[in-house]
Every structure is written in structure tokens, then in C-alpha cells.
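Report on the structure given below.
We did not get these values from a lab; they are worked out from the coordinates using the rules stated. Note that the coordinates shown come from a computational prediction; the quantities given were computed from them, not determined experimentally. Cβ sites come from the backbone with ideal geometry, for glycine too, and all protein chains shown count toward neighbours.
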Amino acid sequence: MKIGIIGAGAVGAACLTAVVTRGFAREVVVLDRDRNKARGLATDVQYGAVLSPGTAVRDGDYPDLEGASVVMITAGVNEREGGATNRKDPTGRLRLLDTNITVYKDIVPRLQAVAPEALALVVTDPPDPLADAVRMLGFERVLSTGTYLDSLRFRFHLARRLRISPDSVEAQILGEHGTSEVFVWSSAHVAGTPVRDVLGRSSQDWDEFRREVEQEVRFANIAIIEGIGASQHGIGMVSARIAEIVLRDERLVIPIGAYQLRYGVTLSLPAVVGRGGALQTIEAEMSADERQALQRSADTLRAAGARIKL
């Protein structure tokens, strides 16, 4: 099975490395507007790919994406370059939309001409409105990486504070992959026990606990960028896992960005993911406040989407 990656920057490189390491693809083709950059990345990774038997890595152009099952789009300006690293800015990643729409208007028609049956996985920030743009440009199967990574961060920080394995924590973030994201505390649990009850056995205040965890998760990307210049490896691993779920038709339920008719935008809800993309949305258990927050998140995304001119 063939995977395409459009964009050979930091995130594209991380996606490529993660795909090769997981070893589920037979062929990976890397594209970039700078062919030398794509060639350099593919050449570098192909030597390590010897450790993943059966995975061929090469650079290419759009015709080389013919027959691809999944194409990850990582091209565009990132948060650091686009000035989206101010913790006090409520716009967040949506600040990058106008610039990256221009990039996508060039990419998507060229991709559609050679691989209309592929599933397009939008990784570029802001992924949700960009996924809407891809759909509006004619692609039938589109996902955004959405809040899958955010939810993993949520689980990680809960687990670290509770001193347990993240595998033992069930917790989700829904809505926008951005500042309006919704932490679904009401259904966060450990072995069926609500996180609040687990925490109740310690002396920490619940409101303080929530505030600190949300702060760590919400600004994780900025902390990473301040350290290494780009938030890349986590999203690379998540993107590879999504592609694997699709290619293997795993029908795993994860929080994923898909178009939701009810809200009129792409946003993240729990969904069954398989070869056809988001096959079925699962109604998430939420409190009344969380449902209101989800609606506000959808409204935020709808307002951003109104700026899209194709």
C-alpha cells in the first residue's frame, strides 16, 4: 500500500520517519515544492528503512501519487513562522489559516487530478478548516488529525499526576484542534472510576488540578516550539497511526477531525475509523457545560471557515 506525504519540512519528516518505523506501508512517496529537499529527506530515511523490510521510500512529483491510499498534507507555514505562539492570543492556530489556504489551493487540485480515491489526511495547522477547504475543493474522503494528539497529551498529563500509566486513563479532548478545544472531564476515568474520584484520595484541590492540567495540555505545542523550534514528533507519530488505522481498516474509535453535518464544520468527535475514513460518529457523553463549549468551538471554526475563499 502506498502512502504520500506532501511537504518535506519538520512535520513531514517526522511523519515519514514514523510511517517507516511502524512498517505498515509498502511504499512512501515524499513531495515538496523544493524537489531537492524531498530527495534529501527520502534519501536520508531510506537508509534506515532497511530496518523496516518491505518499505520503499522515494521522492517524487504529483503523478507518483497515483494509487496512493492515504496522502498526508503537511505543507504550509508553521506556528513559529506564522506568529501563532502567543499564549494570550485566543486566535491561536487559526492565525495561520489565510496563509495556508493559499498553499492548499495549489496542492489539492493537483492531488485530486492523480489520486482522487485517496484519503487526504490534513496535518497542517489549522487542520480543521483546512480539511473543510480540501472537501470544498472536491475531495470526498478527508480527515484532519484533529484532537487525537491533544487527547493523548490529556491522558499523559493526567497519568503523570496520578502516577499511573497513560494506558490506564481514558480521556478525550473534542472540538477544535486549537484554543476552543473542549476537555471532556465528565467522562475522564481510570478503570471505570472518574478521575475526580481517583484524585479525591489525595489532598489536591479539584479546580486547581483541572486548571494545571489544561494549562499543560493547551500550551504543550508552544512549550515544544520554544525548546526545539517546531512541534513535530508527536504529530508525526499520530499521523502515522491514523494512516495505519485507515489502511488496516481497524475500525478503532478515536477522537478525529471529520466533517460533522450537525455543526456544519470539520471538528473532532469520537469516530469509528477505517478504510473509508470516519465511518461512524459515536455520541460522546458530556455534561451540559461541555456541550455548550463544543457548540462554541464549532461556532469558532465556522467563523474561521467563512474566511475561506476558493
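Quick look at the numbers
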item: The stretch 148-305 shape via C-alpha gyration tensor axes, a/c threshold 1.5; result: rounded
item: Rg [Å, one decimal], Dmax [Å, integer] - the chain, C-alpha atoms; result: 19.0, 60
item: Long-range HN-HN contacts of residue 252 with modeled amide H, under 5 Å; result: 273
item: Fraction of antiparallel bridges per DSSP, the chain only, in percent to nearest 5; result: 50 percent
item: FRET efficiency for residue 212 and residue 299, using Cβ-Cβ distance with R0 set to 35 Å, rounded to 0.05; result: 0.80
item: Calculated from backbone phi, Karplus (6.51, -1.76, 1.60) coupling profile of the stretch 59-76 in Hz, x at Gly/Pro; result: 8, x, 10, 3, x, 6, 8, 4, x, 5, 7, 9, 10, 8, 10, 10, 6, x
item: Relative packing of peptides 138-144, 240-246, 60-66 - highest average C-beta neighbours within 10 Å first; result: 240-246, 138-144, 60-66
item: Potential lengthening between residue 196 and residue 288 on full extension [0.36 nm per residue; Cα-Cα distance subtracted]; result: 31.4 nm
item: Calculated [θ] (222 nm, deg cm²/dmol) that DSSP helices of n ≥ 4 give over the chain, each run adding -39,500 (n - 2.57); result: -13500 deg cm²/dmol
item: Largest-first principal axis extents, alpha carbons of the stretch 65-164, Å; result: 49, 31, 18
item: The stretch 246-310: C-alpha gyration tensor shape, a/c 1.5 cut-off, then a/b vs b/c; result: oblate
